[in-house]
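J.: Please see the structure below; I have some questions.
Readers should treat all values here as calculations from the given coordinates under stated rules, not as data from a laboratory. Note that the structure is a prediction, hence the values are computed from the model and not measured. Reconstructed Cβ throughout: ideal geometry from the backbone, glycine too, with neighbour counts over all protein chains shown.
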Amino acid sequence: MLNRPLWKVYTAMKKTILFIGTILMSMTSFSQNPGLVISEILTNPTGTDSPFEWIELVATSNINFATTPYTVVCNNSAATLNGWIEGGAITYAFQINTGTVNRGDVVYVGGSSMAPTGTKLRVINTLTTGGDGFGAAGNGAVGNGGSNGDGIAVFNIASAAITNSSVPVDALFYGTSLGTAVLNAGADGYQLPVNDLYTGGKLQTTSFFAGDPGNDQSIRAVGSYNTQTGLWTSNRSWTLVTPTLDNLSSVNLLPASGTFTFSAVTQNFAENAGTVNIGINAASSNIYPAKVILSYSVYTDATETTDFTLAEDTVVIPAGFNGIQNVGLTIVDDALAERTEKVILKIRALENAAIGTNSFQIVYIKDNDYQTPAPNNELKLNLLSSFSNGGSGNSAEIVAFDPTTDKLYIANSIGAKLDIVNFANPAAPVLLNSISMTPYGNINSLTVHNGTVVVAMENANPQLNGNVVFFNQNGTFISQVPVGAMPDMVTFNNDFTKVLVACEGEPKSDYTVDPEGSVGIIDVTGGYPSLTAANVTMVNFQSFNGQEAALRSQGIRIFGPGASAAQDFEPEYITLSEDNSTAYVALQENNAMAVINIATGTVSAIRPLGTMNYANGNNGLDASDQTAGVFIGSAPIKGLFMPDALAHASIAGTEYIFSANEGDSREYTGFYVEVARLSATPLDASIPDQNILKHNQFLGRINVTNTSGDTDNDGDIDDIHVFGTRSFSIWNAQTGALVYDSKDLIEQITANHPTLSGLFNASNSGAAVSKNRSDDKGPEPEGVATAIINGNHYLFVSLERVGGVMMFNVDVPSAPVFVGYYNNRNLVGVGPDLGAEGIIIIKKEDSPTGNDIVILANEVSSTLSIFDINTCVDLAGATITVPTDSICDGDTVSLTIPGNAQSTIQWLKDDQIIVGEIGNSLDVAEAGNYRIYVSNTTHACVDTTLSEIIQVLTLPTIAAGSDIAICVGDTVNLEAVTSETITWNNSVQDGIDFFPTATMAYIATATDIYGCSDSDTLTVTVNLLPTVDAGSNQTVCAGTSITFTATGAPNLVWNNGITNGTAFNATVAGSYIVTGTDANGCIDKDTLVLALLAEPSINLGADMTVCSNHFPVNLNGPGGYASYGWSNGATTQNTTATQAGSYVLTVTNANLCQDKDTVVIISNPCLGIDENNAFEYTMYPNPTASSVSIETNVANSEVIVYSTNGQALFTQHNTSAVFTVNLAELADGVYWVKVLSREGAVTKQLIIKK
């Protein structure tokens, strides 16, 4: 099958007039209303006819095909007697038995691949499927005409009910002649209707036929039918045309229907308006009732039943009614905070009606619950001055401040000057000098540091390389270096070792020259006077050439005619990472951000910024400058971020980039302009309700780009993109992720500001006209600057169109807080300050006023808006005075504030409320972050002070040691254990001996380098000495047993081995010392002197053995003693021993000292038995106390014990050679022991001593 030609098909649906009512029967042309009439036929599509053929019909009445079926029959060959019902390859039926039509509807029957997109009543794949009731499948169900004419007939009955005599309600033959279509000279064959072409009967050779269509030609009718009279008031004429229109017919129905239209394109109501009227304006109504059927546009963002209810969607207009008929729309006053919502009603269908001028109405519903964030006034600006640097013929686009000289420097591009201003008194700046920049080119931007001014100078031929020029503080030239084309924004890095400049490289207006965009990096460490081109590193984008398609697929705009990526990228603004390693560069027109490695001088990434969707419910914009009010709501468009200025801040360890999403277009008059009104922009056919979308009171006025959004590259726009997002954004510098976007916040603030709302979206070109920039880029955020004030991070945003500056607390980057909006612009008249462009913050430590200062450079008015920045903390008297930020554990510090009668305060510790602490002072004993939440009624501000960090220092550790007990007279050495300085009380020095005299506590104090101290205490107990008494001195006879008994201590020890209280023999004369120790270990001593008298010494000689019969025996004592005393009672020197025994002599000399000696007299029985010397025994021990052991050399023996006088006292018989004799019963004395055996007898002496 040959390719079919593409037809341009318009999808805009145009309904012809619908009538409700009784349709009058034709008086002459029809016997009845036909219901459906033929208006156009395509019989001969290029290539294979089936299934592309179609028949277009116009409904002349309302028909329900389920109850009144219709059949359309096509013929394709010679006539037969069966006429229209022949079937086979000759006739083919399309039966319509479902659906409905209304008077005026344009409908179709035909092949399944027909081109029309309107209502299709019956579709058959005629190539493969037979007709309804008759007709064979094949190529060409609809005849092509030719010399044997073909025809179409419409019956108001089912196909099965048709006979060869059934009369169709409409028919048409066509070709070059009728030929064989006429049967039997018109007596038989195809039955004709009674209509504007035929008078009934069979087809005749004289019957009407239309022309013969060629390939892709349709046969189209033009005519008028009056459904009231049933007459064709203008018979159809048929022409051969190329079909280009769909769902439209040139067959008109009469009487003409009325014109129905909405009474207004827009209305706006408050959410609490209740039920409001939607007016339908009826004009020129005819005699029939009409219906207007309403529906909602897809751009309705209010929700039915939740946000509103419509009383009826079908509006019945009485016959002949002219005027406004209202439909009730009830607005639901909910409690939800919403942006302005829309109900867009449109006329979906009509009966007996034509659409007038306004086919839709936009109802704006302004929410009464949405609250624009109120400023918390943490910062309040005080206008110090509006300084002009020359007025007309000058400009003030960029300003810089040098704190070392108290001078401002202004880039005056229109005046081609560098203006130098004395800023010592910010309330009254003085223009010192204006240095002509013409010798160097065109001045674009500048910066300054420590008395050196750096100026970005564009070449007189902007497409050639420019320069960065260095001047001293007075504007005297120092040096210059070449950089890229169109150097603009210029800045120092953070340590002032490098200067970076963004070189836009914009093309020539006719695009014959398009220089590359670039970034210059100038190393200034060698000093400014010696700078040359060798100190400049130019960073270009050539590495991205050849990647244009891939970059575009990411959303990066590269669209300059024939431009490479390097040419198309236009660096706009630079901000730097905290460590100076990375530059972030706004590529505004490209809607991207470049990331540059400063050390290597290379581009490490191009980040696409994407779009901001205005179609969701959490964003909006006021998109038209022609609506009667501010309506910030959703819209089916997307904003390109396209930032101008960038700023950087590091917050809580994360680095962020802040962007002012101004938006910008490329406009090269006469050659290339990318900006266009949406109303003039071709949109893809898939975008619905374009007539609504493009209306000036909706989105028709908004400027859009024609260079992006054509997603299928077919030359029309599929995704509508506008310039900028009317917002500021916060991006994660490391990842490029969007952290926050302010969306419509700036518009909401300006629209609802209590004093500045009249400046809403006003242009900066003259007197303020509210909304005259709503159709473009709205307020146009232009500049951004960040600052830390009172410990908080703030963002300042300058607004180029409406003017002024907005401030936001960005301590939490994902949730900035609105602080305030200030604008030195009149609501009436022009000025004073217009077109805020550059913005700088002067830190208070650099400021002439001692306060932070913000300065706006106003390009249009050529002025500077100079504001002093006051914190709510200062204004509310909540600045905390801290005597010390470190205290020792256990101490307190008092934090105080001046206070203010209009201020309410609450002390916080670690951001938690300290219950009950609402006064002007706070005694602090615990470590933590202390600050104050303050609100002040006079200044309508709330703020939180800078945290005062109080440290509680750990006390030094010290151990004085254990308690000590000493005795009187002892020394003590106290040594505490610590690493710090030690002091003792009582004048004691650490580690030095001293003599305590009484029991007391000694305190050791350790003091560290912070002055913190801690103490430890020990007690030195001084115990009294015991009082030891050795007793009286003694004089005794040498050898006398004496006892020393000392007193005064529980433990008494004598020298010389003497035990206290125990007798000893006095053998040594001299001093005896007793040492007494008490329970405390204290010692005392005393001495006793022992004198020894001479002691007599006697010796009675050896003991004697006397035979018992030899007694008495004389015992003689020594002479010369004062007295004698024998143990037998004798007192004489000599005595007589009458029996055996021990005789003791005690003598006393003149000193009364005594001595004694003992002689033992043993009585031997002298029994006369000879002892056998062969027998022997051993006896032990001897002496003994009780028993003896005897060892003999015989087994049997007998033991006899005798007293010294021979008396046998004990006898024991033994059967072993070794035995024991128990003598415990015997008294002390001398005894004889005789052992007898067969071998003999032996007697031995035994002494018993117990």
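J.: Show me the three semi-axes of the equivalent ellipsoid for segment 1114-1250, from the C-alpha gyration tensor (sqrt of 5 times each eigenvalue), largest first, rounded to whole Å. Don't skip to the end; give the middle numbers.
T.: On the way: eigenvalues 281, 47, 25 Å².
Those come to 38, 15, 11 Å.
J.: To the nearest 500 deg cm²/dmol, what mean residue ellipticity at 222 nm is calculated for the chain from DSSP H runs of n ≥ 4 alone, each contributing -39,500 (n - 2.57), summed and divided by the residues?
T.: Per the formula, -500 deg cm²/dmol.
J.: Quick check for me: using +1 on Lys/Arg Cβ and -1 on Asp/Glu Cβ, what's the dipole size of segment 964-1023 about its Cα centre, in debye to the nearest 20?
T.: Charge dipole, segment 964-1023, about its Cα centre: 200 debye, nearest 20.
J.: Can I ask one more? Given segment 1034-1093, report the % of alpha carbon pairs whose separation exceeds 15 Å. List each step's numbers first, then the result.
T.: Working: 823 of 1770 pairs.
When all Cα pairs of segment 1034-1093 are counted, 46 percent exceed 15 Å.
J.: Taking only the alpha-carbon positions of the chain and ignoring solvent, what does the Debye formula give for the base-10 log of I(q)/I(0) at q = 0.08, 0.09 Å⁻¹?
T.: Ignoring solvent entirely, the Cα scatterers give -1.05, -1.14.
J.: For segment 1104-1163, what Kirkwood radius comes out of the mean inverse Cα-Cα distance, in Å?
T.: Kirkwood hydrodynamic radius for segment 1104-1163: 11.9 Å.
J.: Near N465, within a Cβ-to-Cβ distance under 11 Å, what is the net charge of the other residues, with Lys and Arg +1 and Asp and Glu -1?
T.: -2
J.: Let me ask another. Would you work out which of T938, V924, S894 lies farthest towards the positive end of the dipole of segment 876-938? Charges go on Cβ: Lys and Arg +1, Asp and Glu -1.
T.: Working it through, the farthest residue towards the positive pole turns out to be T938.
J.: What ranking, highest mean first, results for peptides 806-813, 818-825, 197-204, 583-590 when packing means the other Cβ atoms within 10 Å averaged over each residue?
T.: With the highest mean Cβ count within 10 Å placed first, the list reads 583-590, 818-825, 806-813, 197-204.
J.: Follow-up. Dividing the Cα convex hull volume of segment 262-366 by residue count, how many Å³ per residue is that? Walk me through the numbers on the way to the answer.
T.: Values: hull volume 8.6 nm³, N = 105.
Considering the Cα atoms of segment 262-366, their hull volume per residue is 82 Å³.
J.: Just from the alpha-carbon atoms, what are the Rg and Dmax of segment 36-254 in angstroms?
T.: Answer for segment 36-254, Rg first and Dmax second: 15.4, 43 Å.
J.: Same structure again: Rounded to the nearest 20 Debye, what is the dipole magnitude of the chain about its Cα centre when Lys and Arg each give +1 and Asp and Glu each give -1 at the C-beta?
T.: 3160
J.: Continuing with the same structure: Going by how many other Cβ atoms sit within 10 Å of their own, how do I478, I606 line up, fewest first?
T.: By the 10 Å Cβ count, ascending, the order reads I478, I606.
J.: With a bin width of 5 angstrom, please list the P(r) values of segment 279-329 as percents of all Cα-Cα pairs, from the 0 bin to the one holding the largest distance.
T.: P(r) for segment 279-329, in whole percents per bin: 5, 18, 25, 20, 13, 10, 7, 2.
J.: So what are the three principal axis dimensions of segment 738-823 from its Cα atoms, in whole Å, longest to shortest?
T.: Its Cα atoms span 39, 26, 21 Å along the three principal axes.
J.: Give me the number: length gained by fully extending F496 to T1027, i.e. 0.36 nm times residue separation minus the C-alpha to C-alpha distance, one decimal in nm.
T.: 182.3 nm
J.: Something else about it: Mind computing the radius of gyration and Dmax over the alpha-carbon atoms of segment 1033-1183? Å is fine for both.
T.: Reported Rg and Dmax, both Å: 23.6, 76.
J.: Scale the Cα Rg of segment 1167-1248 by the rule-of-thumb value 2.2 N^0.38 Å and send over the ratio, two decimals.
T.: 1.01
J.: How are the alpha carbon pair distances in segment 936-1040 distributed across 5 Å bins from zero to the largest one, expressed in percent?
T.: 2, 10, 14, 13, 9, 7, 6, 5, 5, 5, 5, 5, 4, 3, 2, 1, 1, 1, 1, 1, 0, 0, 0, 0
J.: While we're on this one: List the GluC sites (Glu not before Pro) within segment 946-1050 that fall in a DSSP loop (any state other than H, G, I, E or B) and whose Cβ has at most 16 other Cβ atoms within 10 Å.
T.: The qualifying sites are E975.
J.: With the calculation restricted to Cα positions, what are the radius of gyration and Dmax of segment 555-706 in angstrom?
T.: 18.3, 56
J.: In vacuum, with every alpha carbon of segment 876-938 counted as one equal point scatterer, what does the Debye formula give for log10 I(q)/I(0) at q = 0.16 Å⁻¹? Two decimals, please.
T.: The Cα Debye sum returns log10 ratios of -0.49.
J.: Test of the criteria: in segment 295-339, which GluC sites (Glu not before Pro) are in a DSSP loop and have at most 14 other Cβ atoms within 10 angstrom of their Cβ?
T.: Here the GluC sites (Glu not before Pro) that fit, given the DSSP loop and packing criteria, are E312.
J.: Follow-up question, since we're still on this one. What are the residues whose amide H is under 5 Å from the amide H of K417, where those residues sit 5 or more places off or on another chain and H is modelled from the backbone?
T.: Amide H neighbours of K417: N412, M437.
J.: Continuing with this model, one more query. If each Cα of segment 159-274 is one equal point scatterer, what is log10 of I(q)/I(0) from the Debye formula at q = 0.12 Å⁻¹?
T.: Reported log10 I(q)/I(0), two decimals: -0.61.
J.: What net charge do the residues around I841 carry, taking every other residue with its C-beta under 13 Å from that of I841, with Lys and Arg at +1 and Asp and Glu at -1?
T.: Net of charged neighbours comes to -2.
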